[in-house]
Amino acid sequence: MGRKKEELKRIEKKICRQITFSKRRNGVIEKARDLSVLCDVQVALLVFSSSGKLYEFSSAGSLAKILKRHRSYFEEKTALSDGANDAELYHGKYEKKIKSFAELLQTVQRYVYIYSIHRQVGNSNSEELTLSDLEQTEMQLDAALRRTRARKTQLMLETINALHDKVALTG
């Protein structure tokens, strides 16, 4: 007689949920690694915890390589399609998915970058950081500040141009 399958439901206690997440996350990553080694396949895995922390695994060296390969696979399939209508339908069907994967990759890269800065800056044991760690963190913060200011300037210029256009139309 086999075991009865239990219904999965959310774990109510936060600490138990975190422990289970940690153990199962490691298990999923191990399974992905095993699958890539045993079957000689490329595997990409992204996991976000409830607190927003990113955990990732990629058997091909980088997640970007796998997503790029995914994109080129569908572009190749589209190019080899028989008719123009078939290619257009196929391309249209997967174009949104490819764009969403690219956007997801950019978002993940931003989160990883922000998390690394947050981890270094928010480290309560900042006395343990070396001079090079602190210099690297400072450079990352400077770069983030420059990008933020550039984006702010761009948005302000776009707003000014839109207002000039609006004034020109009404006046």
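Every number here is computed from the coordinates shown, using simple stated rules; none is lab data. What you see is a predicted model; the values in this text were computed from it and never measured. Please note: Cβ atoms are built from the backbone with ideal geometry, for glycine as well, and neighbour counts cover all protein chains shown.
Just a few scattered comments:
- The slack between SER132 and LEU38, meaning 0.36 nm per residue of separation minus the straight C-alpha distance, is 29.8 nm.
- Sequence-distant lysines (8 or more away, or on other chains) whose Cα lies within less than 21 Å of LYS9: LYS23
- Nearest-0.05 FRET efficiency for THR107 and LYS152, computed from C-beta distance (R0 22 Å): 0.65
- Charge dipole of segment 17-61 (Cα centre as origin; +1 on each Lys and Arg Cβ, -1 on each Asp and Glu Cβ, all else neutral): 340 debye, rounded to the nearest 20.
- A dipole drawn for segment 17-61 from +1 and -1 charges on Cβ atoms has a positive end, and of ALA60, SER36, PHE21 the residue lying farthest that way is PHE21.
- Taking 21 Å as the limit for the C-alpha separation, the pairs LYS13/LYS53; LYS4/LYS31; LYS68/LYS97; LYS31/LYS99; LYS31/LYS97 exceed it in the case of LYS4/LYS31; LYS31/LYS99; LYS31/LYS97.
- Segment 1-30 and segment 56-72 have Cα centres lying 28 Å from one another.
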